[in-house]
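**Student:** Right, I'll just put the structure down here and ask away after.
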């Protein structure tokens, strides 16, 4: 999936759908592209009983509108019982701030795991 300065590559292996986010998500209305895309990924994961792994390590920037979309889909995946693993580059301060805040959605059910990765 690509729109504007954002590209998300999807690969499937070992019971997981892996999404590698690259570039910048700086569109004013990212939900126009991300909602249908992420909704489809969640539907596929549910049908295959697959984990969704989102890797943000190579993402240069995302705006607050993108953050809202990601949170919405984290909640959607949880409501459908889909395991979601989010990995980010702990060396990028803006990523660390966002993902530290997002950790409030981690629960004892293990459906959301947030990984800080060093580059």
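**Student:** Under the condition of being modelled with pLDDT under 95 and assigned to a strand (DSSP E or B), which residue from the stretch 1-11 is nearest to residue 51 (Cα to Cα)?
**Tutor:** The residue in question is 2.
**Student:** Please find, within the stretch 64-74, the residue that is surrounded by the most Cβ atoms within 10 Å (Cβ to Cβ) out of those that are over 17 Å from residue 19 (Cβ atoms) and touching a residue at least 24 places away in the same chain (Cβ under 8 Å). Quick ask: steps written out before the conclusion?
**Tutor:** Filtering the stretch 64-74 for residues over 17 Å from residue 19 (Cβ atoms) gives 64-65, 68.
Right, trim to touching a residue at least 24 places away in the same chain (Cβ under 8 Å) and you get 65, 68.
Working: 65: 15, 68: 13.
Going through the qualifying residues, I end up with 65.
**Student:** Out of curiosity, is residue 97 in a helix (DSSP H, G or I) and either under 17 Å from residue 42 (Cα atoms) or at pLDDT 95 or above (or both)?
**Tutor:** Details: in a helix (DSSP H, G or I): yes; either under 17 Å from residue 42 (Cα atoms) or at pLDDT 95 or above (or both): no.
Answer is no for this residue.
**Student:** Follow-up question, since we're still on this one. Quick check on my filter: what residues within the stretch 100-119 are surrounded by 13 or more Cβ atoms within 10 Å (Cβ to Cβ) and either in contact (Cβ under 8 Å) with a residue 24 or more places away in the chain or in a strand (DSSP E or B) (or both)?
**Tutor:** Once the filter is applied, which keeps residues that are surrounded by 13 or more Cβ atoms within 10 Å (Cβ to Cβ) and either in contact (Cβ under 8 Å) with a residue 24 or more places away in the chain or in a strand (DSSP E or B) (or both), the stretch 100-119 yields 102, 105, 111, 112, 113, 114, 115, 116, 117.
**Student:** Okay, moving on. Going residue by residue through the stretch 37-56, is there one that turns out to be surrounded by 18 or more Cβ atoms within 10 Å (Cβ to Cβ), part of a helix (DSSP H, G or I) and touching a residue at least 40 places away in the same chain (Cβ under 8 Å)?
**Tutor:** Yes, some residue in the stretch 37-56 is surrounded by 18 or more Cβ atoms within 10 Å (Cβ to Cβ), part of a helix (DSSP H, G or I) and touching a residue at least 40 places away in the same chain (Cβ under 8 Å).
**Student:** Here are some residues: 18, 22, 78, 28. Which one is surrounded by fewer than 20 Cβ atoms within 10 Å (Cβ to Cβ) and part of a loop (DSSP other than H, G, I, E, B)? Can you show your working first?
**Tutor:** Numbers: 18 fails: part of a loop (DSSP other than H, G, I, E, B); 22 fails: part of a loop (DSSP other than H, G, I, E, B); 78 fails: part of a loop (DSSP other than H, G, I, E, B).
That would be 28, the only listed residue that is surrounded by fewer than 20 Cβ atoms within 10 Å (Cβ to Cβ) and part of a loop (DSSP other than H, G, I, E, B).
**Student:** Ok, one more. Residues being modelled with pLDDT of 90 or more and more than 17 Å from residue 36 (Cα to Cα): count how many of those fall in the stretch 64-81.
**Tutor:** Total satisfying the criteria: 3.
**Student:** Here's something else I'd like to know. The conditions are (1) part of a strand (DSSP E or B); (2) within 12 Å of the chain's Cα centre (by Cα); (3) surrounded by fewer than 20 Cβ atoms within 10 Å (Cβ to Cβ), and residue 61 fails exactly one of them. Which is it?
**Tutor:** Condition (2) is where residue 61 drops out.
**Student:** Right, another one. Can you report the number of residues in the stretch 81-99 which are in contact (Cβ under 8 Å) with a residue 40 or more places away in the chain and exposed (fewer than 15 other Cβ atoms within 10 Å of the Cβ)?
**Tutor:** Number of matching residues: 0.
The values are calculated or read from the model by the stated rules, or taken from the named source; none is laboratory data. Everything quoted here is computed from the prediction, not taken from an experiment. Every residue, glycine as well, gets a Cβ built from its backbone with ideal geometry; the counts of neighbours run over all protein chains shown.
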